[in-house]
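Heads up: the structure comes next, in structure tokens.
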Amino acid sequence: MVYVTSWDEFVGRSVQLYKADPQSTRYCMKYRHCDGKLVLKVTDNKEMQRFSFIISSDVQLLFKSVISLLLAFCLGLLIWEECLKFKTDQAQDAKKMEKLNNIFFALMARGPDVTVPLTFAVDLSEVTGKEQMEAQPAKKGRGRKQHSDILQTAGREAEVLFSFGLLQKFCGVGKHDPMMLLSLPPSIRLHKK
Amino acid sequence: MGLLQPDPFLNELTSMFERNRDKGSVWVTVKRSSMKSKSQKNKMATAGEPVEYRCLIRATDGKKKISTTVGAKDHQRFQASYATLLKAHMAALKKRERKDKKKGVDGDRKDGAGSTKKPKRV
């Protein structure tokens, strides 16, 4: 069991593992409220015979164990099991885990070809997240909700968010109705006057 | 119990988290699945039909097992509700203790460099 200490490394490696074998990779989560512990595991279940040093006086057994060791070594090169684990007791990691959940849901429901933002440098702009996603129709289309839906489901969150970050600073709100959003700034100016 | 629709599954998961507050764990596993047996899949592949994949979500508390499948269309809605659920229940995790860390650092500075530096607070 490999406990990964860096979150970004854990995310990168687990997505890589999933893309290598989408059919057998699973993402598991264990939460214990009484201990305040959260453990995440991503594994692909591939078999890897374990190395075991058998101390035996029986020569035949010893011979067999040597053979199995060699076999395991050879197989190990071909069939590599990976199990990535991440444990935490921090609330901030729960938020990061939610983003990872989103990544995995998208990958698993839609297919391994979906491009998802992996680096958390990009995802930091998503911290204001859902508001930006919902309000993005305002930037891209006046009432063109179909277009915005496509954008929402596509993996191009980064460029939308960067352009949208500016819009949000300008408008200061993230609301559902795109028309309302567009009409806000002029009315604010009027009030100030 | 076993296989449920996404909404009842979320309700059951909520009650699972509630029941296991003081004792026990909750395991949630997410995996891609077509929900078909191997023979069916082979048949579909040879027939040229695209095999539709869904996201299989399983949850257990050690005693009870529940599961649900989510397709590409409803996964965003499910993911939003699931995220809300988790946020509500994972309250036992530690908050970032920045203030304490700062105090500790300042305390060390005072102790370590007391002779050379004047402490900020008199």
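Values quoted throughout were computed directly from the atomic coordinates according to the rules given, and no laboratory measurement underlies them. All of these numbers come straight from a predicted model, not from anything done at the bench. In this analysis, Cβ positions are derived from the backbone assuming ideal geometry, glycine residues included, and neighbour counts consider all displayed protein chains.
Each label point was placed 7 Å from the Cα along the Cα-to-Cβ direction; for B:S34 and A:Q60 their separation is 4.6 nm. Applying a DSSP loop filter and a limit of 14 other Cβ atoms within 10 Å to the trypsin sites (Lys or Arg not before Pro) in segment B:56-90 leaves B:K63, B:K64, B:K73.
With r as the distance between the Cβ atoms of A:K37 and B:N11 and R0 = 35 Å, compute the FRET efficiency 1/(1 + (r/R0)^6) and round to 0.05. Rounded to the nearest 0.05, the efficiency is 0.90. Just check segment B:29-81 against the gyration tensor rule for me: Cα atoms, a ≥ b ≥ c as the square roots of the eigenvalues, rounded for a/c under 1.5, and otherwise prolate or oblate depending on whether a/b exceeds b/c. Note, shape of segment B:29-81 comes out oblate.
Taking label points 7 Å from Cα along the Cα-to-Cβ direction, A:K46 and B:M44 give a separation of 2.5 nm. In terms of distances greater than 26 angstrom between alpha carbons, the cross-link table entries A:K37/A:K99; A:K87/B:K31; A:K85/B:K36; A:K37/B:K36; A:K46/B:K95 yield A:K85/B:K36; A:K37/B:K36; A:K46/B:K95. The mean number of Cβ atoms from other chains found within 10 Å of a Cβ in peptide B:76-89 is 3, as a whole number. Here each label is just a point 7 Å from Cα along the line to Cβ, and for B:K23 and B:A80 those points are 3.9 nm apart.
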